[in-house]
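The values are calculated or read from the model by the stated rules, or taken from the named source; none is laboratory data. Treat the numbers as computed from the prediction; the structure is a model and nothing was measured. Glycine gets a Cβ as well: all are built from the backbone with ideal geometry, and neighbour counts include every protein chain shown. The protein model used for the area step is the full one, side chains on, heavy atoms only, and it has no ligands, DNA or RNA in it. Shrake-Rupley method; radii C 1.70, N 1.55, O 1.52, S 1.80 Å.
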Amino acid sequence: MDPDIDFIKTYFTEEKIESFFFIVIGLISISLALIFWFVIKYSFYNGLAYPLLIIGIIQLVVGTTVYLRSPKDTMRVEFIIKNEPSKIKTEELPRMDQVIKNFGIYKIIEIGLAIIGLVLVILFFRSGQTFWKGIGFGLLIQATLMLILDLLAEDRANKFIDELSKISS
């Protein structure tokens with residue numbers, strides 16, 4: 001009897017949807033950075049543009065990569081479950097364990113960037129150095145957005161691991 005594998009399509013569809021959010025946020029961030037540099041040209045917005053551009057490029061690349069990879073991942077995992085279920089333990093669960101470890105690293109980086117951003121905003125709040133306040137504000141916004149999306153993805157990955165574990169036991 002075949003196990004219920006709807007959770008695979010659900011997981012990778014939700015992954016694809018979230019990666020679409022990454023793409024959209026990345027495109028908006030890059031666009032705003034360019035507008036801030038070439039149209040507004042005010043010190044605060046020039047500072048804000050740096051984290052928007054740099055992290056926006058990361059969001060765009062990661063989002064596009066995951067978006068394009070998700071359908072192949074769906075087929076790969078469905079194939080494993082239907083044809084080579086022993087690979088759940090030897091391949092898919094170890095891969096997902098690495099995904100979870102990576103989320104731990106991402107969280108540390110994102111929290112660190114958010115803290116740096118907050119410190120810059122606080123330090124330069126009343127200062128004439130609006131450029132640094134802009135960098136801080138940009139870091140705070142981008143790191144917080146990334147953290148929220150990664151926390152959602154990590155939760156989804158843990159549920160996926162639970163479902164895989166049920167099948168492999």
Search region 71-92 for residues being hydrophobic (A, V, I, L, M, F, W, C) and surrounded by 17 or more Cβ atoms within 10 Å (Cβ to Cβ), and hand back the single one that is nearest to residue 19 (Cα to Cα). 77
If I filter region 125-138 for residues that are modelled with pLDDT of 95 or more and either over 18 Å from residue 52 (Cα atoms) or touching an Asp or Glu at 6+ places or on another chain (Cβ under 8 Å) (or both), do I get at least one hit? no
First in region 107-123 and open to solvent by 60 Å² or more (accessible area, probe 1.4 Å), second anywhere and among the aromatic types (Phe, Trp, Tyr), Cβ under 8 Å, 6 or more apart: 123/132
Failed condition for residue 64, given (1) of a type outside the set (Gly, Ala, Ser); (2) under 24 Å from the mean Cα position of the chain (by Cα); (3) open to solvent by 90 Å² or more (accessible area, probe 1.4 Å), with all others met? (3)
Among the numbered criteria (1) closer than 20 Å to residue 13 by Cα; (2) within 20 Å of the chain's Cα centre (by Cα); (3) open to solvent by less than 50 Å² (accessible area, probe 1.4 Å), which one does residue 102 miss? (1)
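Each row is one residue, and each column tells you yes or no for (1) among the hydrophobic types (A, V, I, L, M, F, W, C); (2) in contact (Cβ under 8 Å) with a residue 60 or more places away in the chain.
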site	(1), (2)
104	no, no
141	yes, yes
151	yes, no
168	no, yes
Kindly indicate the residue of region 124-169 that is among the aromatic types (Phe, Trp, Tyr) and closer than 19 Å to residue 33 by Cα and also least open to solvent (accessible area, probe 1.4 Å) among those meeting that condition. 131
Quick one: residue 7 ticks every box in (1) over 20 Å from residue 148 (Cβ atoms); (2) open to solvent by 40 Å² or more (accessible area, probe 1.4 Å); (3) in a helix (DSSP H, G or I) except a single one, so which number is it? (2)
Which residues, taken from region 68-102, are in contact (Cβ under 8 Å) with a residue 60 or more places away in the chain and within 22 Å of residue 154 (Cβ to Cβ)? 73, 74, 77, 88, 89, 92, 93, 96, 97, 100
